[in-house]
Each structure stands twice: as structure tokens, then as C-alpha cells.
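Throughout, read-outs are computed from the coordinates displayed, never taken from laboratory work. For clarity, every value in this text was computed on a predicted model and none was experimentally measured. Here the Cβ is made from the backbone with ideal geometry for all residues, glycine too, and neighbour counts use every protein chain on show.
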Amino acid sequence: MTEHLSQKIFPTTQLEDADGEGHNSSINPTMGEIISKRFSRRNFLQGSLAVSAIAATVSPVALMTAEKARAAGASAFSFPEVEAGVDANHHVAEGYSADVLLRWGDAIFPDSPAFDPTKQTAAAQARQFGYNNDYVGYIPLEGSSEHGLLVVNHEYTNPHLMFPGLVTIADGKIKQGPLNKEQVDIEMAAHGGTIVEIRKVDGKWQVVPEGRYNRRVTAATEMQLTGPVAGNDRVKTSADPTGTRVIGTLNNCAGGVTPWGTYIMAEENFHGYFSGELPADHKEAANYKRYGVPEGGYEWANFYDRYDLAKEPNEPNRFGWIVEVDVMDPASTPKKRTALGRTKHEGAESIVAENGKVVFYLGDDERFDYVYKFVTDGTYNPNDRAANLSLLDTGTLYVAKFDEGGTMQWLPLVHGQGPLTAENGFASQADVLIETRRAGDLLGATKMDRPEDVQPNGVNGKVYVMLTNNTRRKAEQVDAANPRAENAFGHIIEITEDGGDFTATSGKWEVLLKCGDPSVAAVGATFSTETTKNGWFGMPDNCAVDSAGRLWVSTDGNNNKATGRTDGLWAVDTEGEARATSKLFFRVPVGAEMCGPLFTPDDETAFVAVQHPGDGGDDWEGHGRPSYYEDLSTRWPDFKDDMPVRPAVLAITKIGGGKIAV
């Protein structure tokens, strides 16, 4: 991935890029090594799961749509493709509207103050839409696809884009100055998530500020630790001697919505918020090194002791969890569900298995780290929501091991089994979960190239793993053919669980796509020959499966130097002769990352999140300079001189109505 100038100057951009060496020093084989060995013998694993095994959970209309496309051997998507490129605005396929629904600072309550970028306060931000929207979820009210709750993660903040006067130029050098306490408090209030009622009126979506479920969750919201880690000595602090009460949630990247209608927030790059030092012989030193703690990209430790390792050495163990929020009770305390493990979680997408257990798929977003899934002990009861609210406290967490022959195993991370014993430093299941990465190391899990979204598909029974890139992969680690050393563009893995059972402990896998420009032979991309010059992409990140079982992929890391295009949303065929055909549906403005995406149950709206627009080291004309508050590469989406660039969520609909891409 090309390094932007701003990645050298602005700490939060550097943290988000996550292009470090990785912290996995185990000798476990990488996914690239496994793919290389496998494909030296054969190209593709044959065989697939019959749709009929899961048809009972899928609507007949969705199945018919997918089956018709497969029968015809044609793409399942019908829309005029967007032209790839880079400029200051967003672009959507002809025949569609992409309307801004919520921007940073917008009101979500009747008493929310108007957004004024020159007079920001933490109190105002806590009543406004947060910064850097990432995951987007939709929870229908009374089953409606036109009236529901939008749930949105606010992953992190870019102070150089948020605050006037923070960046200075002296002697030709650009420098970001220190933040004061009020600015740090604003950052904390801009993190977390938003729950807001929305309604479609005359074909256009609107926020309902008076919605009774509207809520902000921030880095200052009280949380409860639940599950095996709750009360453990390793999560006790001077402020919380019980080890059960945590203040705030950090760096919520992707997430999920459970079958029982709760909101899942996934804590990712929590290491960047901690500063200070531990003695080399401290009991948590090796644990923290495995997670990259402390990284110190944020200045919060200057004002809050809990982010200073020297003052609160256990605090980092209280982050890196999956958080569950009961959206139907705005007064409820969000729960950090420790049974799902502690990693740099990208998201947590779920599906109800045939036996009623609920399966969550999770990616640990760092180079050379692992793919996980969690299977609940209990079963989902569609008629008892209250009973479902405790499902995430008991279950089995598994880590993936991919074999070169195209098979795979899900290895249980259970205390007392295999190497997860007291002799190896695991005194209890709490230790296994606090040190999830080390447990995966010892089990021999497969090193992956930044696992991000992992999405189960209830129509075709497959699971799709987005692997964004790994520019740190050395040439001697892989065969020259595939995958690639210094893998800048990433790839997508397709998993078929044995017997069509999402709770299975074994399965099969193959590469759906190796990403990058297929016109450059050395890149080794594997898009179909029907993919146009606009249709290829690199750096797959988030994804969504619509009700017809079609795969949509959003990207993180395209820029005009690396690819000549911005990030965007691509429709990807997974079935029949059109398999591996990709088409560009929506693209973001310069500097932005494409997050979300999310489809309403009727597939008539696609919500997308445009994150950190205007960030990066090049404007849309290719000038090599960083972008900051006073000198922005774009003022999207307002395009007003008195407004900075603002992350925002958009609602995409077909002009005149109807299903997306049909």
C-alpha cells in the first residue's frame, strides 16, 4: 500500500492504516504459504453446498432471483457501472440516488445543538452524530423496511480534520499540535456509536430526532463486563476493583445485528489509545506486546489516568471485546461479551444454524492474525427475546486452521484442552480469552492477511472472508505464483462448512478472488474476463450479502497512487459462469474509505458509510500534500467554505423505486 504523507504526520491516520509488521511471532504457517502449496497441485476445489439444505431460512423470491441468474450463466447484477477515478465528490450508478442521511455533528435529538465546527464542545458532540462512521446496521420497527433503527459505529477521530488551528506550518514543516482537554473530551464523545430512528417518507429517508430509542454510546459510557472474564483479577483497576465496570468503548470498526435485534459493536485498534510503559518483567508485558500496546496515537493519557499503563496497567485488558447493546432499552448498560474473545475485532456477523444455535464469525484485523467463530451454547428462541439476551455469555470460541488440500478445521479455544493449560500460562478460561491471540498461536491457527469482515451467506450456505492486504509478506514466505509477496491488494476466501452446518468444526475453502488490476500480469488478479477496467478493486474490507444472497464488497486503501481510483462498493458474482465478475456501483470522494454497506430487508435501500473523507496525502488532482482543516482536499459533503469535510452515512435508492441492482 502506498504510504501517504499524512501517515507520517498525523498519528490517527497512521494508526488506522495499520501497516505495521504485525505482532504474531508464532511459527504457524501463513495463509499464503498454504494457498501456494495447494494451488501448486490444483487450481480450484470443486463442489458446493446444495441451496436446499438451508432454503427454509430464505425467502422464495430471494432464491428465485439467485437461481435465475445462475441458470442464465449471467451476472446477478443489473446496473450501469460507475467509472472508476478520483475526485472531490461521491458517485453512484446511473438511475440511483445517493442522499446524505447523517453527517458528523448532525442532530439526533430534538435538543441537539446545531453543528458549529469553530465552537465544538464535548457536551454538544454527545448529542450529535459522531465521527468516522463505520459499521451500519438496520433494525426494523414492526418488521418494516421503511421504518426502523439505524445503528452506526464511530470508529475513531482525525483531529487534524476536525479542529481548526491544530495544524501549523513552520520552516516548511507541517506539524500537528497537542490537544487540550476539551478537544480530547470531544474526541471521546465522537467515538462509540449512534442509535437513531429513521423513516422513509415519499421515497426519501429522514432522521426522526424525537425517536424514543435514539441514543449515543461513547468512550465515556459505562459498560459491563460479562462472561468468563468478568471479575477476573486481570481486569480489576483502582477505579473498578470488581473487574466488572468499564468506562467506554473504543475504536468500534464493523459490527453486526443479532437475530434478536441487538446491536453489536466490535472493538478493533484499542492499542492506539494507551501510553506509558510497563516494566519488562510485568506480568502483562508479553500479553500487551502481542497486541501492540501501547501505541500512543491518541493523547488521552495526558488527561485520564486509565489510558496510562504506568498508572493503570490492567486497563488495556478491558478493551478489544465484542459489545452488545440492547437498542430497545435506551437506559440499558452495554455489555462487553468476553466469551467471544479479545482481539482487534473487525466485526461480528451472525447466522442461526439449523439446530438453533447462533454462530458469529469474527476477523482479527492485523497482518498475520486469525479468523474466528463463536457458537452459542444456547439456542435462539424467536418468541422469547429476553431469553436471547444472555446467549453471548456461554459458548465455544474457535480459531481457523486452513489446510493446503482445501480443507479446514475450527479449533476450540477451551481451557484445559490441548496446549491451553496452566503449564502454558492459562490458569482459566478467562486467561484464554484475555490472550486469545496467544491461544491461537499455540493451537497452530493459520496466519492470515488482515482478516476483516467475515460474512455468512444464508442463501448459498457459504462464508466469505475479506483479507485486505499484507504488504509485509516476504518473498521467501510464499511461492512466486500465488498468493503474492508484498500482497498490496488482498483476496477473498470462500468457506463451505461441512454438511451445510454453520456450527461444524470442519469445512472446505477456496479463493474466490485475488484482487488488483488484472491487466497487469505481475499482479496475479483473478477477476473474470467479463470484469471491466472499472470493475476490479483492491483491499476488500467490509462486505454485505443482500436478501437474494448476492455479495457486495467495499474497500479500504485504494488511492490515486496505488490504484488510480478511490474506494467504493463493488457487486461481486459468486455463482455460475459469472463467478468472480465485479462491477463498480458506488465510489467515495478523495481520501475516504468505503464502510458499511447494509441493505434493508426489501433490498430497496443500500446504506453506505463514507469514512475519513479528505484524509490522506494526495488531493484529487494528485498533488502530494497532506490534507488538514485549513487546507482540505475536499469539503465533501457540504462544499461550503465555513464547513470542514464531514464523514457521513448515505442512503442509496433506485430513482422511481424498486430493488437495488435488479
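Residues whose amide H falls under 5 Å from that of GLY193, counting only those 5 or more places apart or on a different chain, are HIS154, VAL217, THR218, with hydrogens built in the peptide plane.
How high is the relative contact order of segment 375-533, in percent, with contacts defined as C-alpha pairs under 8 Å that are six or more residues apart?
Working: 262 pairs, mean separation 24.1, N = 159.
After rounding, I find 15 percent.
Under the rule of -39500 (n - 2.57) per DSSP H run of 4 or more residues, summed and divided by the residues of the chain, what mean residue ellipticity at 222 nm is obtained, to the nearest 500 deg cm²/dmol? The helix contribution divided over the chain gives -3000 deg cm²/dmol.
The phi-based Karplus calculation (6.51 cos²θ - 1.76 cosθ + 1.60; θ = phi - 60°) puts the 3J(HN,Hα) values of segment 325-331 at 10, 7, 5, 7, 10, x, 8 Hz, whole numbers, x for Gly and Pro.
Taking each pair of different alpha-carbon atoms in segment 195-266 once, compute 1/r for the pair, average those values, and report the inverse of that mean as the Kirkwood hydrodynamic radius in Å to one decimal.
On the way: mean 1/r = 0.0668 Å⁻¹.
With all distinct Cα pairs of segment 195-266 included, I get 15.0 Å.
In debye, nearest 20, what is the charge dipole magnitude of segment 366-488 about its Cα centre with +1 on Lys and Arg Cβ and -1 on Asp and Glu Cβ, if you could check?
Details: 13 positive and 17 negative charges, 59 e Å.
Charge dipole of segment 366-488: 280 debye, to the nearest 20.
Rounded to the nearest 20 Debye, what is the dipole magnitude of the chain about its Cα centre when Lys and Arg each give +1 and Asp and Glu each give -1 at the C-beta?
Values: 62 positive and 92 negative charges, 154 e Å.
Dipole about the Cα centre, nearest 20: 740 debye.
Entry note, the chain: relative contact order of 18 percent, from Cα contacts under 8 Å with a spacing of 6+ residues.
Using a ≥ b ≥ c from the Cα gyration tensor of segment 515-660 (square roots of the eigenvalues), is it rounded, prolate or oblate, where a/c under 1.5 gives rounded and otherwise the larger of a/b and b/c decides, a/b for prolate? Cα axes put segment 515-660 in the oblate bin. Sequence-ordered 3J(HN,Hα) estimates for segment 276-287 from the Karplus curve with 6.51, -1.76 and 1.60 and θ = phi - 60° stand at x, 9, 10, x, 4, 9, 5, 4, 9, 4, 5, 4 Hz, glycine and proline given as x. Which one of GLY272, GLY444, GLY203 has its Cα pushed farthest toward the positive end of the charge dipole of the chain, where Lys and Arg give +1 and Asp and Glu give -1 at the Cβ? So the residue we want is GLY444. Proximity of backbone amide H atoms, modeled 1.01 Å from N, is registered between THR121 and no other residue at under 5 Å, excluding neighbours fewer than 5 places apart on the same chain.
Close amide-amide hydrogen proximity is noted between GLY395 and ASP377, each under 5 Å apart and 5 or more residues distant or on a separate chain (H modeled in the peptide plane; Pro and chain starts excluded).
Once you keep just the Cα pairs under 8 angstrom separated by 6 or more residues, what percentage relative contact order results for segment 273-353?
Numbers: 93 pairs, mean separation 20.5, N = 81.
25 percent.
Just order 565-571, 123-129 by mean Cβ neighbour count inside 10 Å, highest at the front, would you?
Numbers: 565-571: 26.0, 123-129: 20.6.
In decreasing order of mean packing, 565-571, 123-129 become 565-571, 123-129.
Volume per residue of the convex hull around the Cα atoms, evaluated for segment 505-557, comes out as 139 Å³.
Please sort 255-266, 319-330 by packing, taking for each peptide the average over its residues of neighbouring beta carbons within 10 angstrom, highest first. Display every interim value, and only then the final one.
On the way: 255-266: 24.1, 319-330: 22.4.
Per-residue mean Cβ counts within 10 Å order the peptides as 255-266, 319-330.
Sorted on the mean count of surrounding Cβ atoms within 10 Å across their residues, most packed first, peptides 608-614, 227-233, 393-399 read 608-614, 393-399, 227-233. Checking the Cα-Cα distances for LYS514/LYS583; LYS401/LYS508; LYS175/LYS289; LYS344/LYS373; LYS401/LYS447; LYS173/LYS640 against a 18 Å cut-off, the pairs over it are LYS175/LYS289; LYS173/LYS640.
Among the trypsin sites (Lys or Arg not before Pro) in segment 572-657, which ones are in a DSSP loop with at most 11 other Cβ atoms within 10 Å of the Cβ? Mind listing them?
On the way: sites: ARG579, LYS583, ARG587, ARG635, LYS640, LYS654; in loops: ARG579, ARG635, LYS640.
When the trypsin sites (Lys or Arg not before Pro) of segment 572-657 are filtered for loop state and at most 11 Cβ neighbours within 10 Å, LYS640 remain.
Ranking HIS491, GLY292, HIS191 by how far each Cα lies toward the positive end of the dipole of the chain (charges on Cβ) leaves HIS491 at the top.
Its Cα centre serving as origin, segment 536-662 has a Cβ charge dipole (Lys and Arg +1, Asp and Glu -1) of approximately 280 debye. Once you reduce segment 400-439 and segment 132-201 to the center of their Cα atoms, the two points are 36 Å from each other.
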